[in-house]
Amino acid sequence: MRIGGAGRTGGKATAHGRTTGRPQDPTAARARARAKAKAALVAAAGGTVLAVLLAGCGSGDGDQASERAAGHAKKAGPGNGAQASESSARAELAKDPTRIPRVGDRLQARIPANSAQVVAVEGAGKDSADATVRLYTRQGEKWRMEHTWAAHNGKKGWTHSHRQGDKRSPVGVFTLSDAGGVLPQPDAKLPYAHTSAFTPPTYWPKKTRHDFDHVIAIDYNRVKGTSPLDPTRPQGQAKGGSIWLHMDHGSGTSGCVSLSKSGMETLLRTLDPKKHPVVVMGDKASLKG
């Protein structure tokens with residue numbers, strides 16, 4: 001099953017009254033049948049199918065131990081570590097504005113030469129769910145730090161070889177080409193699939209109900225140019241998928257990166273396909289390695 005462009009085209013379901021004595025128009029009947037089939041597809045995506053797609057995201061697995069650990073980390077707060085990281089990033093950028101700060105040569109070389117927008121996700125540690133997201137834009141040869149947000153990544157941290165269900169976020173450089181969500185797009189430049197099919201399953205924790213109000217698909221094991229809901233996994237199901245930037249619920253995810261609603265809205269308004277945006281993501285040691 002492929003949901004290539006859910007919600008990308010307009011159209012509302014209409015109510016049909018009963019006919020009174022006249023035979024139904026075959027053309028109208030076929031149109032109604034097609035509408036019902038489409039509605040069923042969307043409903044399926046919003047239920048069982050969506051739950052499968054989001055095995056790499058969200059927080060629907062009931063891992064209470066991981067949730068308690070993430071909650072403890074949240075209460076402890078980023079402290080001086082985050083401030084030191086921020087100061088270090090700004091100092092590096094001032095010293096060499098031609099490079100993304102706190103990113104080593106290996107990943108730096110994977111940033112496309114034509115990319116003028118980079119979302120840098122720096123995890124606090126290999127096994128930590130805490131992260132910082134920074135948005136950089138390039139003018140000429142020089143990068144500029146535009147925004148910084150507190151964030152979360154996979155509840156078990158990071159991995160260089162992501163597998164379905166490992167609760168870790170993949171390390172690497174990935175393009176950003178498609179977006180979507182339950183809520184209408186806030187002047188998004190990326191193609192945006194607006195549909196209620198993004199609504200998390202009802203059995204997920206209450207705090208996750210708004211996780212997918214806005215999402216940006218990270219192009220890890222997915223087909224570019226399709227809705228983030230597209231289940232196609234070019235590298236196979238075992239490599240996982242549905243790795244997104246999405247709204248934060250206060251603790252680690254099952255593989256995605258989450259940040260505030262205002263942060264997501266800013267990214268959606270800023271990231272421009274013409275500027276070839278990418279995300280550079282990983283724990284701080286992996287980014288530098």
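The values are calculated or read from the model by the stated rules, or taken from the named source; none is laboratory data. Bear in mind that the values here come from a model prediction, so they are computed numbers and not experimental data. When we count neighbours, we look across all protein chains shown, and the Cβ atoms used for this are built from the backbone with ideal geometry, even at glycine. These accessible areas exclude ligands, DNA and RNA; they are computed on the full protein's heavy atoms, side chains included. Shrake-Rupley method; radii C 1.70, N 1.55, O 1.52, S 1.80 Å.
Of all residues in region 229-236, none are in contact (Cβ under 8 Å) with a residue 40 or more places away in the chain and not in a loop (DSSP other than H, G, I, E, B). Close contacts from region 244-260, counting a first residue that is touching a residue at least 40 places away in the same chain (Cβ under 8 Å) and open to solvent by less than 10 Å² (accessible area, probe 1.4 Å) and a second that is among the hydroxyl-bearing types (Ser, Thr, Tyr) and part of a loop (DSSP other than H, G, I, E, B), with Cβ to Cβ under 8 Å and a gap of 6+ residues or different chains, come to Ser251/Ser59; Gly252/Ser59; Thr253/Ser59; Ser254/Ser59; Gly255/Ser242; Cys256/Ser242. Among residues of region 199-221 that are under 14 Å from Gly255 (Cβ atoms), those with a beta-carbon under 6 Å from a residue that is acidic (Asp, Glu) at least six positions away or on a different chain give the pairs Ala217/Asp178.
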